[in-house]
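Everything on this sheet refers to the single structure shown next.
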Amino acid sequence: MIPRTLFSPEHELFRESVRSFLEKDAAPFHAQWEKQGHIDRSLWSKAGEAGMLCSHLPEEYGGLGADFLYSAVVIEEISRLGLTGIGFSLHSDIVAPYILHYGSEALKRHYLPKLISGEMVTAIAMTEPGAGSDLQGVKTTAVLDGDEYVINGSKTFITNGYLADLVIVVAKTDPKAGAKGTSLFLVEADTPGFAKGQRLEKVGMKAQDTSELFFQDVRVPRENLLGQAGMGFAYLMQELPQERLTVAIGALSSAEAALQWTLAYTRERKAFGKAIADFQNTRFKLAEMATEIQIGRVFVDQCMALHLDGTLDVPTAAMAKYWATDLQCKVLDECVQLHGGYGFMWEYPIARAWADARVQRIYAGTNEIMKEIIARAL
């Protein structure tokens with residue numbers, strides 16, 4: 001196997017602490033969280049105390065000023081354990097950067113320390129009942145009225161939506177201007193007119209609180225606009241490569257974990273008087289998966305290296321997201337097959353991982369959209 005050279009000894013020490021935290025404070029409770037439809041709110045505060053949230057944010061706001069690899073470690077360890085209910089990466093690596101890069105100094109000083117500590121849980125409200133990967137089709141509006149914007153509309157499939165204290169809302173400030181009429185707003189959950197709908201019951205990722213959000217004459221101060229009015233779509237395009245990279249990182253770690261579970265199972269499980277792993281078909285399947293995962297790992301690690309240098313472009317991030325999630329679903333399906341009937345039992349981690357993985361090819365932009373992005377760059 002090709003050794004990984006991306007992570008320093010300091011990163012690996014952090015990995016040990018993250019793994020220990022998750023094994024103690026999350027893994028034993030995840031099955032219960034799947035039944036209740038969300039993780040315990042207290043885990044956010046514990047994660048904040050452990051330095052697992054928004055580690056990349058500057059020290060002046062309470063962060064560690066760490067590089068992206070610290071975020072990657074958290075994503076990998078959550079995925080390795082199949083803890084798909086934990087929405088730390090969306091909070092740390094998607095929402096926080098919007099506030100850091102486009103928020104006023106007052107907004108940054110007010111909100112970022114609360115994100116780092118876990119005092120506030122965040123979400124980003126892009127998808128609507130009639131607008132998924134096509135962000136230009138957003139219908140939610142924000143109309144300037146004096147010193148306030150009045151927001152009306154609805155969102156769906158919002159990760160962290162049920163527990164969220166603060167939401168970035170994608171809305172049209174000029175519905176006639178297409179993409180150039182899109183803006184981003186910070187909305188606190190207790191703002192009058194803002195309501196959370198039911199937690200959505202999904203095929204997988206059952207411990208992840210995914211909700212509908214509704215906005216009826218929600219008034220927010222003009223200062224809650226992130227950056228400039230009409231620049232929201234441009235901001236989204238600038239931040240999406242990191243989001244898609246985080247999806248790819250998690251997908252590869254999930255596939256790696258599935259392979260290890262399956263290696264252990266096929267060595268123990270007997271059929272026709274010998275271990276499943278002793279059949280040529282099994283060995284060939286395992287060899288194929290190990291090879292494809294290794295290829296994916298090298299590519300995704302190289303994408304992380306590019307991202308550290310600030311040179312990861314939109315098409316390459318799209319390649320990583322599309323390739324890694326397609327590979328993840330392929331690997332998990334093969335692993336379920338090698339588990340036989342037990343692979344379809346919810347008590348086995350492979351079954352839950354298989355169900356959890358399918359949406360990865362859909363969110364953060366469907367893989368069909370990823371291919372369109374890649375094709376346009378050719």
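Answer yes if at least one residue in the stretch 83-102 is on the phi > 0 side of the Ramachandran plot and touching a residue at least 40 places away in the same chain (Cβ under 8 Å), and no otherwise. No; the residues of the stretch 83-102 include none that is on the phi > 0 side of the Ramachandran plot and touching a residue at least 40 places away in the same chain (Cβ under 8 Å).
None of E201, E223, E128, E212 is within 24 Å of C54 (Cα to Cα) and not polar (S, T, N, Q) except E223. For residues in the stretch 315-353 being hydrophobic (A, V, I, L, M, F, W, C) and open to solvent by 60 Å² or more (accessible area, probe 1.4 Å), which is modelled with the lowest pLDDT? Top of the filtered list is W346.
Look at (1) within 20 Å of the chain's Cα centre (by Cα); (2) under 23 Å from L163 (Cα atoms); (3) open to solvent by less than 40 Å² (accessible area, probe 1.4 Å); (4) small (G, A, S) and you find that S117 fails only one, number (3). Among the residues of the stretch 300-313, those that are open to solvent by 60 Å² or more (accessible area, probe 1.4 Å) and touching a residue at least 24 places away in the same chain (Cβ under 8 Å) comprise L308, D313. Just one of the numbered conditions (1) assigned to a strand (DSSP E or B); (2) out of contact with any Leu (no Cβ under 9 Å at 6 or more places or on another chain) is not true of Q238: (1). Just to be sure, is E16 over 26 Å from L240 (Cβ atoms), open to solvent by 50 Å² or more (accessible area, probe 1.4 Å), assigned to a helix (DSSP H, G or I) and at pLDDT 95 or above? Judged against the criteria, E16 is a match.
The values are calculated or read from the model by the stated rules, or taken from the named source; none is laboratory data. Quantities reported herein were computed from a predicted structural model and do not represent experimental measurements. Reconstructed Cβ throughout: ideal geometry from the backbone, glycine too, with neighbour counts over all protein chains shown. Side chains included, ligands, DNA and RNA excluded: accessible areas come from the protein's heavy atoms. Shrake-Rupley method; radii C 1.70, N 1.55, O 1.52, S 1.80 Å.
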